[in-house]
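Take a look at the structure below.
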Amino acid sequence: MDATTNCVLPRYQVVRDEAACTGCAQCVRSCANGVHRLRKDPERIAINPRACVNCQRCVVFCPELALTIRPWPQVGTGSSTWTAEAMDDIAKQAQTGGVLLSSMGTPAPYPIYWDHLLLNASQVTNPSIDPLREPMETRVFLGSRPEILKINERERRVVEPLPPQLKLDVPIMFSAMSFGSISLNAQKALALAAAELGTFFNVGEGGMHRDLEPFADHAFAQVASGRFGVDAHYLNTAAAIEIKIGQGAKPGIGGHLPGEKISAEVSRTRMIPEGSDAISPAPHHDIYSIEDLRQLIFSI
Ligand code: SF4
Ligand code: SF4
């Protein structure tokens with residue numbers, strides 16, 4: 001059964017005000033879902049409302065404001081058990097025989113605790129610091145500590161050299177997002193922000209694009225199961241190395257970027273042949289014990 005004969009009503013109605021429409025076809029170019037289609041014979045713009053997701057892009061790009069998107073009149077909101085969304089999900093899974101996967105968290109309305117986190121440091125000192133008048137120190141160091149800190153009291157400096165440390169001006173780092181899962185521009189934005197804030201970004205498992213090397217002092221290089229982009233230069237360039245163990249943020253078990261979706265630039269950065277799939281299983285297939293992990297750390 002295809003999308004036009006699946007007996008499921010569209011969610012949205014796409015209404016064009018024919019009196020206002022000039023036929024400029026901006027809506028055809030604006031819609032990523034192919035809802036508006038230019039027809040030659042007779043010359044007019046046809047609409048496929050089943051593909052509309054109510055993103056409102058065509059509405060705002062229409063120079064004549066001739067478009068309106070409305071809920072489809074006969075589609076109800078369901079009941080508290082059978083919500084419209086639940087019925088939609090079941091219909092989609094029945095049509096495709098697959099399970100629904102989505103990244104970027106869950107679409108279910110679970111509480112987002114991060115939004116309720118309040119960092120109130122005013123009570124950590126006595127008397128409490130007034131952050132409007134007194135500077136507050138948020139700097140954090142990551143790294144091992146020496147057993148005993150030897151200090152030259154007269155010169156007021158640490159005598160022993162400290163083990164390697166990472167200095168974070170704010171106690172927040174960007175988590176890993178690879179080139180290929182996000183664009184180079186997005187990665188550059190994270191790199192710039194990390195450098196500006198005095199913290200770190202993480203290039204993820206896709207290797208480090210050469211345009212990011214100027215920000216390497218603020219970069220974590222990730223070593224994941226696919227070992228994409230990992231060589232001596234990569235490991236030596238970054239400020240720190242992270243070994244990714246487990247699934248990370250994406251759904252499913254491991255990652256699979258099909259070869260046809262990988263650009264030449266992404267292939268080059270990942271050090272894989274152009275056109276080949278990039279497969280990164282959730283577990284490392286060479287780590288089955290703590291000794292294996294030790295060997296990987298030693299090799300790095
Ligand atoms: S963008 Fe607006 S004016 Fe242009 S063809 Fe589409 S509906 Fe008509
Ligand atoms: S609202 Fe979005 S999905 Fe729907 S027709 Fe317009 S551009 Fe396409």
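Brief remarks follow.
- Taking region 17-41 as the range and being under 13 Å from Ala51 (Cβ atoms) and loosely packed, with under 12 Cβ neighbours inside 10 Å as the test, the residues that pass are Ala32, Gly34.
- Only residues that are of a type in the set (D, E, K, R) and under 23 Å from Ile245 (Cα atoms) were counted across region 139-196, and they come to 0.
- Residue in region 59-77 that is within 30 Å of Lys250 (Cβ to Cβ) and out of contact with any Leu (no Cβ under 8 Å at 6 or more places or on another chain) present: no
- Count - residues of region 12-45 that are closer than 30 Å to Glu85 by Cα and near ligand 1 (Cβ under 9 Å from one of its atoms): 8
- Number of the exception - Gly180 against (1) within 13 Å of the chain's Cα centre (by Cα); (2) free of Cβ contacts under 8 Å to residues at least 24 places away in the same chain: (2)
- Residue within region 163-177 that is out of contact with any strand residue (DSSP E or B) (no Cβ under 9 Å at 6 or more places or on another chain) and more than 30 Å from Ala282 (Cα to Cα) present: yes
Okay, residues lined up against (1) assigned by TED's automatic domain parsing to the domain that holds Ser225; (2) part of a loop (DSSP other than H, G, I, E, B); (3) within 20 Å of Leu235 (Cα to Cα):
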{"site": "Gly248", "(1), (2), (3)": "yes, yes, no"}
{"site": "Gly252", "(1), (2), (3)": "yes, yes, no"}
{"site": "Glu260", "(1), (2), (3)": "yes, no, no"}
{"site": "Ser267", "(1), (2), (3)": "yes, no, yes"}
{"site": "Pro273", "(1), (2), (3)": "yes, yes, no"}
{"site": "Ile279", "(1), (2), (3)": "yes, no, no"}
{"site": "Pro283", "(1), (2), (3)": "yes, yes, no"}
{"site": "Tyr288", "(1), (2), (3)": "yes, yes, no"}
{"site": "Arg294", "(1), (2), (3)": "yes, no, yes"}
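- Those residues of region 218-237 which are among the aliphatic types (A, V, I, L, M) and within 12 Å of Ile300 (Cβ to Cβ), in sequence order: Ala221, Val223, Val230, Ala232, Leu235
- Residues within region 252-272 that are among the β-branched types (Val, Ile, Thr) and at pLDDT below 85, tallied: 1
- Filter pass, Phe220 being surrounded by 17 or more Cβ atoms within 10 Å (Cβ to Cβ) and in contact with a helix residue (DSSP H, G or I) (Cβ under 6 Å, 6 or more places away or on another chain): no
- Residue within region 72-93 that is within 30 Å of Cys24 (Cα to Cα), more than 14 Å from ligand 1 (Cβ to nearest atom) and either at pLDDT below 90 or within 27 Å of the chain's Cα centre (by Cα) (or both) present: yes
- Residue within region 32-52 that is within 10 Å of ligand 2 (Cβ to nearest atom), under 30 Å from Ile253 (Cα atoms) and either acidic (Asp, Glu) or in contact with a Cys (Cβ under 7 Å, 6 or more places away or on another chain) (or both) present: yes
The values are calculated or read from the model by the stated rules, or taken from the named source; none is laboratory data. Keep in mind the model is a prediction, meaning the values are calculated, not measured. Because the Cβ atoms are built from the backbone with ideal geometry, glycine has one as well, and the counts that use them run over all protein chains shown.
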